[in-house]
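Novice: There's a structure below that I have some questions on.
Please treat every number below as a calculation from the coordinates, not as lab data. A quick note: this is a predicted structure, and the numbers were derived from the prediction, not measured. Virtual Cβ from ideal backbone geometry, glycine too; neighbours counted across all protein chains shown.
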Amino acid sequence: MFRWSFVRSLRNRLALGFFAITLTALGALYVYVVPNLSSRLRDEKVQTLERAAGQQGGRLAAAVGGDVSDAAVAADVRAIADATATRVTLLRAAQVNGSPQLHVDHDSQSARASDLVFPAAYEAATSGRVTTGTETGAFGRVVEVATPLKVGNRVAAIAVFSSPLADVQHDVAVVRQRLLVAGALAALFALAAGYLVARWLTQRIKHLEDAAEKVAAGDFSQPIPVGSDDELGQLALAFNDMQRQLAQLDSARKQFIATASHELRTPITSLGGFIELLESEEVDEETRRRFLGQLREQVDRLTKLAVDLLDLSKLEAGSLELRPEPVDLGELARQVADEFEPALDRHDSHLELRLGRREVEAVCDPVRVAQIMRILLDNALAHTPPGTGIVVSAAREDGVVRLAVRDRGEGIRRQDLSRVFEPFHTGNRARGSGLGLAIASELADHMDGTLGVESRPGRTVFTLELPA
Ligand SMILES: Nc1ncnc2c1ncn2[C@@H]1O[C@H](COP(=O)(O)OP(=O)(O)O)[C@@H](O)[C@H]1O
Ligand SMILES: [Mg+2]
């Protein structure tokens with residue numbers, strides 16, 4: 001039984017495709033060449049006979065009409081046959097009751113004189129014109145050109161120039177056979193070549209498949225050899241590119257988890273230490289209160305870290321839901337600034353709001369924009385010496401709205417500037433876990449905005465740009 005699974009393989013399909021195409025091409029060639037060839041060869045033969053009849057008809061007519069001996073006519077017939085490489089038959093014509101009667105008078109192949117009937121000769125005798133015909137004699141098919149020989153106005157004889165068609169048939173048979181053999185060879189070759197080409201292609205595809213499986217299993221170590229710049233080469237390149245990016249993502253993820261667990265462990269260890277100290281009996285009331293204060297600080301820190309981590313993972317997973325609405329950014333800035341009043345007081349700092357006269361409205365999620373602003377203000381306070389001023393401004397320009405927080409602190413070192421938005425990047429580990437700006441910039445991205453930074457000693461500006 002035929003197995004369909006055989007055709008399901010790309011390799012076999014390609015090989016069969018090659019085979020079928022070659023076979024079709026050769027079939028078309030065969031159908032076009034072979035029938036044409038036989039009629040072409042036959043036509044050529046007729047033309048040769050017609051030419052011989054045209055050239056030699058006059059000489060035969062003269063011999064028939066003149067006062068020439070029978071033997072001389074026979075010699076003429078034979079000589080013409082030799083010269084034209086045809087068989088020449090001379091038939092005498094007589095009128096019996098108005099219809100022509102013919103009988104063979106001379107034949108260049110006298111031995112065969114009786115094998116043919118010469119139907120073309122009868123037609124030529126009746127019509128008085130050169131006539132072409134074929135018949136099958138004792139020795140196979142023959143093509144004939146019959147030309148009437150006139151003496152005065154009367155058709156005295158018919159000269160028939162004939163030639164066997166056997167050689168034409170033989171030639172056609174040879175061509176047909178060669179075509180068939182060549183066709184079979186070509187088809188076999190196509191099958192083998194198709195198979196090899198297909199195997200080469202499928203091997204390369206298999207490499208891709210193997211590599212994809214490795215990547216799926218988490219192994220990013222081996223790029224696929226590219227080899228050529230054809231489509232499969234391009235695919236391999238694209239694949240290697242993807243693999244590289246996945247590897248980067250993978251290592252970033254591992255790094256993230258390692259850092260996050262480290263960040264979590266530090267306060268937990270410290271909590272454990274305080275609890276142990278508190279458990280020992282000889283702790284006076286004053287120390288106990290101090291320890292409890294430290295405990296609260298660590299718990300706050302842990303809580304903030306947990307919330308930040310959760311926020312960041314939600315943002316990166318794309319599962320954070322935004323509720324955009326038209327927001328007056330000036331008003332929002334004022335509210336957040338008010339929240340910071342106690343902190344500013346403690347820091348002995350002053351916050352200046354520059355909002356301009358016109359309302360700065362943007363479509364965004366007010367909760368998230370406030371969150372970004374809190375992160376920025378938090379940093380401005382944390383990274384500036386007490387007593388320095390902070391400026392918050394909101395403005396609309398060139399189709400975007402900009403909310404900027406500027407401080408006069410020590411600034412961010414040039415080499416850190418491009419990394420401040422990376423999770424866990426901090427200039428000073430003691431102060432924070434480095435998640436604030438990462439969250440702020442992810443939030444900005446989610447609102448189709450950007451968060452940028454410019455900094456030099458004495459002037460640091462973080463600018464949130466949102467589509468207006
Ligand atoms: N206004 C600022 N002035 C100077 N440095 C800043 C400022 N804001 C952020 N940074 C630097 O960027 C780092 C990352 O900030 P952030 O992501 O908020 O983390 P964290 O404040 O928790 O350390 C900070 O550790 C600090 O070094
Ligand atoms: Mg911060």
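Novice: Compute the orientation-averaged projected area for region 323-467 from the convex hull of its Cα atoms and round it to one decimal in nm².
Specialist: Its Cα hull, projected and averaged over all orientations, spans 8.2 nm².
Novice: Next question. Modelling each spin label as a point 7 Å along the Cα-to-Cβ direction, I'd like the residue 174/residue 313 distance in nm, to one decimal.
Specialist: The modelled label-to-label distance comes out at 8.7 nm.
Novice: Here is a follow-up. Taking Cα centroids, how far is region 149-195 from region 53-125 in Å?
Specialist: Computed from Cα coordinates, the inter-centre distance equals 28 Å.
Novice: Oh, and also: Treating the chain as a set of equal point scatterers at the Cα positions, no solvent, please give the Debye-formula log₁₀ I(q)/I(0) at q = 0.09, 0.10 Å⁻¹.
Specialist: Values, matching the q order: -0.85, -0.93.
Novice: Using a cut-off of 14 Å between alpha-carbon atoms, which aspartates and glutamates can reach residue 304, once sequence neighbours fewer than 8 places away in the same chain are excluded?
Specialist: Cα-Cα hits under 14 Å: 263, 378.
Novice: A follow-up question, please. Along the Cα-to-C-beta direction of residue 228, a point sits 7 Å from the Cα; which residues of region 181-221 have their amide N less than 16 Å from that point?
Specialist: 193-208
Novice: Okay, next question. Using a 7 Å offset from the Cα along the Cα-to-Cβ direction at both residue 287 and residue 200, what is the distance between the two label points in nm, to one decimal?
Specialist: Going from the residue 287 label point to the residue 200 one covers 8.3 nm.
Novice: Simple spin-label model, 7 Å along Cα-to-Cβ: residue 138 to residue 103 in nm?
Specialist: Using points 7 Å along Cα→Cβ, the separation is 1.9 nm.
Novice: Let's test the formula: R0 of 25 Å, r as the Cβ-Cβ distance of residue 67 and residue 95. What FRET efficiency results, to the nearest 0.05?
Specialist: Efficiency computed from Cβ-Cβ geometry: 0.70.
Novice: Kirkwood hydrodynamic radius, computed over distinct alpha-carbon pairs, for region 403-468: how many Å, to one decimal?
Specialist: By the Kirkwood definition, the hydrodynamic radius is 12.4 Å.
Novice: Per residue, what volume in Å³ does the Cα convex hull of region 1-133 take up?
Specialist: 207
Novice: Would you please give the FRET efficiency between residue 269 and residue 321, computed as 1/(1 + (r/R0)^6) with r the Cβ-Cβ distance and R0 = 35 Å, to the nearest 0.05?
Specialist: 0.50
Novice: Give the span of region 196-351's Cα atoms along each principal axis, as three whole-Å numbers ordered largest to smallest.
Specialist: 88, 53, 25
Novice: Could you work out Rg/(2.2 N^0.38 Å) for region 265-318, with Rg from alpha carbons only?
Specialist: 1.51
Novice: Another question, then. Would you compute, for the Cα atoms of region 71-157, the largest minus smallest coordinate along each principal axis and list the three values in descending order, in whole Å?
Specialist: Ordered largest first, region 71-157 gives principal extents of 32, 30, 19 Å.
Novice: Please give the charge dipole size of the chain, origin at the Cα centre, charges +1 on K and R Cβ atoms and -1 on D and E Cβ atoms. Round to the nearest 20 debye.
Specialist: Value, rounded to 20: 2560 debye.
Novice: Does a label point 7 Å from the Cα of residue 295, set along Cα-to-beta-carbon, have any residues of region 236-271 with amide nitrogen under 17 Å, and which are they?
Specialist: Only 267-271 pass the distance filter.
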